[in-house]
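For reference, the structure is listed below as C-alpha cells.
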Amino acid sequence: MAEKYDVIVVGAGHNGLIVASYLAKAGVKVCVVEHQEEIGGGTMTKELTVPGFKHDVCSVAHYIIFANPLFKNDELGLMSKHGLKYTRTDKLTGIIFEDDSFIQIQLDIDKTCESIAKISEQDADTYKKFEAMTGKMVDLIAMGMFGPSSTAGVAHAMMDQSAEGRALLRAMSVSAWDLVDEWFVHDKIKTSLSRYGAEAMINPFDKGTGMGFYIILPFMHRYGGHFPVGGSGELAKALGRCLESHGGTIKVSSTVKQFKIAGGETTGVILANGEEILASKAVVANLNIKQIFPNMVPGFELPENFSRDVKNIHHSRYSPFVLHMAIKEEPKFKIGQGMEKYAFVEWGHSNFEEYYMALHKMDLGYPITEFSNACLPTAFDPTRAPAGKHIIHDYALVPFDLKDGGAARWDEIGQEMADAYLKDARKHIVNIGDDNILGSSFMTPLDIARHNPAMLHSDICHIGTYNWQTGGNRPLPGWHQYRMPVKKLYMCGSSTHPGGGVIGGGRAAVQIIMEDLGIDFEKIISK
C-alpha cells in the first residue's frame, strides 16, 4: 500500500528542506523525496580528493541568506537548536593582476578604499559614494526577496515611489558594466567590480543584468563572508535535523519520475521504480521548471503556449568548472599581502578590451581559463581538513556548450582544462607544486549537470537572472506565486523567486503554500 502524507516535497536541496521544515513546524505531515543518496542539492559537501578533506560540490560561501529572516530571527532554530554554526571573514575578495598589483575588498569600506587608491585615488573617493548609495538599497532589495513576489507591474509601481526604487528600476534595464562605467574610470577597477555581476553566471555587458550587480557587492559589505563550519552541506544537515525533529520524513535515493495526477489535481508522485507516494494536500517541486513541464505531468493539458514558454526560458550564459585540491601547507601567494586570508582570490584583468573580448569569446563557446578564482575556506575553518592541512576550491566560469563538439566535448578536455587552471594558479600561489598537492579532482559543467539533474545545462541558477526572468517574471509572467497549472502542484527553489544561490528562497514559497492550506505563517514563525 502506498505511503500517505499531507505534503510531499520533491528535491532535498536547501530550499526544499526549508519549505518542508516550516510546514512540519506547523504540524503538517511532510515527506521529502530526494534523487541523490544524501540531502543537500547545491549545498553538499563531500570528500572529493582524499579522506578527511571536505570539499563543497557547488556552493561555498553564504552571503545573502544572512539578510533572510530565516537566519536573522533564527525562525527554524537552525543555530539555537540544530547545531548550525558559521565562521565569518571580513576579508572578502582579493584581485591580483598580471603585473602583481592588486585590490583587496574588505567589509571595512575605508580599508577597501585604501587598497583601491593604490591604483586610482579618484576611484577610491568614488567607491565611498558608490557604497553609500548602494548600501541604502540593501534593505529595499531584501524586503522583496524573502517573501512572495508581486507581479512585475505592481513591483515597478512600488519602486517608482522612491529615488532608491527608481534607481533599482533603471539598474534592472541596463548592464552591470553600464553601472560600473558610469561611476569609475580605471580599467582595473571597472573590470574587477563589474565581474561581481558575472557571479550570477551572466555576461556583465548584457542588458538587464545591472540588478544582479547591486545585489552582490552591497550585501557583501553589509554582512561579510559567511562559511558553514564543516562545509556548505552543514546547512542541509541542520535543516534535515529540524525537519525530523518536527516529525518530517526524508527519503533519499528515490528518483521521482512523474507527478501523479487524478481528477485534474496532483495527488502524489511516482518513483522511477514504480512506487507511489501519495499527498492529500500538496506536492512541492524543488526542481528545474524545465524538468517538470511537460515531461513530468504526462496527459495533463497545460495552458495554451505554457510548454512553449517554458522551452523558451533562457539559461544563464556561463557554467562552473571546479578544481578541488587537498594540500599539505597553507597557500602562499607570490605577492604576499595576506592574500591567503581572503575568502576568494581572483586573477584580474588590467585591460578593458581584453576583458571584453574574453567574455564574448566564452559567449561563442570557447573554453578559456581567464575567469577563475581560488576559494580558501580552511583559512577560517580548519575543520574542513586534517590538522595543519588545507583545501583550495578553484572555481571558473566557462561555456556549457563548446564551440566544437558541444557539451559532450567536456569529457574530452576536462583534464586538459584542469591542468590549465592549476598552471594559472601557480603563477600566483608559489607552493602548489606537485609535492604539496595530496590529491585533486575536478568537475566540468557536464559533470555538474550529471550530478544534479535540476541543474539542466549546468545552470546553477536553473534559469538566467535576466530582468525578464526575475521577480514577478520568474519563472514566467503570471506564474510567479509558486502555484503551477496543475492544481495542488507548487514550485520552490532556484527556478522561482528570488532565484539561485544560497538565499533561502524556500521561505517565500512556503508562505503561499501555507496560505492555501489555511495556515497562519506569522503565527508559526512566532513560536
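The values are calculated or read from the model by the stated rules, or taken from the named source; none is laboratory data. For clarity, every value in this text was computed on a predicted model and none was experimentally measured. Methodologically, a virtual Cβ is constructed for each residue, glycine included, from the backbone with ideal geometry; neighbour enumeration extends over all protein chains shown.
Here are the numbers for the structure shown:
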item	result
Of all residues making up the range 113-126, the number that are surrounded by 18 or more Cβ atoms within 10 Å (Cβ to Cβ), out of contact with any Phe, Trp or Tyr (no Cβ under 7 Å at 6 or more places or on another chain) and in contact (Cβ under 8 Å) with a residue 60 or more places away in the chain	2
Positions within the range 93-108 being surrounded by 14 or more Cβ atoms within 10 Å (Cβ to Cβ) and either polar (S, T, N, Q) or at pLDDT 95 or above (or both), in sequence order	THR93, GLY94, ILE95, ILE96, PHE97, SER101, PHE102, ILE103, GLN104, ILE105, GLN106
Matching residues in the range 362-375 - criterion: being in a loop (DSSP other than H, G, I, E, B) and either in contact with a His (Cβ under 7 Å, 6 or more places away or on another chain) or of a type in the set (D, E, K, R) (or both)	GLU370
Count of the range 69-92 residues which are in a loop (DSSP other than H, G, I, E, B) and either at pLDDT below 95 or touching a His at 6+ places or on another chain (Cβ under 8 Å) (or both)	2
Within the range 465-476, tally of residues that are assigned to a loop (DSSP other than H, G, I, E, B) and modelled with pLDDT under 95	3
Subset of the range 479-490 (residues that are within 22 Å of the chain's Cα centre (by Cα) and either part of a loop (DSSP other than H, G, I, E, B) or surrounded by fewer than 24 Cβ atoms within 10 Å (Cβ to Cβ) (or both))	TRP479, HIS480, GLN481, TYR482
Residues (at positive phi and either surrounded by fewer than 22 Cβ atoms within 10 Å (Cβ to Cβ) or free of Cβ contacts under 8 Å to residues at least 24 places away in the same chain (or both)) located in the range 9-41	GLY27
Number of positions in the range 173-191 that are touching a residue at least 40 places away in the same chain (Cβ under 8 Å) and touching a Gly at 6+ places or on another chain (Cβ under 7 Å)	3
Qualifying positions in the range 266-285 - assigned to a strand (DSSP E or B) and under 13 Å from HIS35 (Cα atoms)	VAL269, ILE270, LEU271, ALA285
Residues being surrounded by 14 or more Cβ atoms within 10 Å (Cβ to Cβ) and either in a loop (DSSP other than H, G, I, E, B) or among the charged types (D, E, K, R) (or both) - total across the range 295-313	6
Residue in the range 446-456 that is assigned to a helix (DSSP H, G or I), over 22 Å from the mean Cα position of the chain (by Cα) and aliphatic (A, V, I, L, M) present	no
First in the range 42-63 and more than 24 Å from TYR223 (Cα to Cα), second anywhere and of a type in the set (Ser, Thr, Tyr), Cβ under 8 Å, 6 or more apart	LEU48/SER441; THR49/SER440; THR49/SER441; LYS54/THR45; LYS54/THR383
Candidates THR444, THR378 - the one that is within 21 Å of GLY336 (Cβ to Cβ), of a type in the set (Val, Ile, Thr) and surrounded by 21 or more Cβ atoms within 10 Å (Cβ to Cβ)	THR378
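Here's the yes/no breakdown for (1) buried (at least 19 other Cβ atoms within 10 Å of the Cβ); (2) in contact with a Ser or Thr (Cβ under 7 Å, 6 or more places away or on another chain):
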| position | (1), (2) |
| --- | --- |
| VAL229 | no, yes |
| LEU235 | yes, yes |
| VAL252 | no, no |
| ILE270 | no, no |
| LEU278 | no, yes |
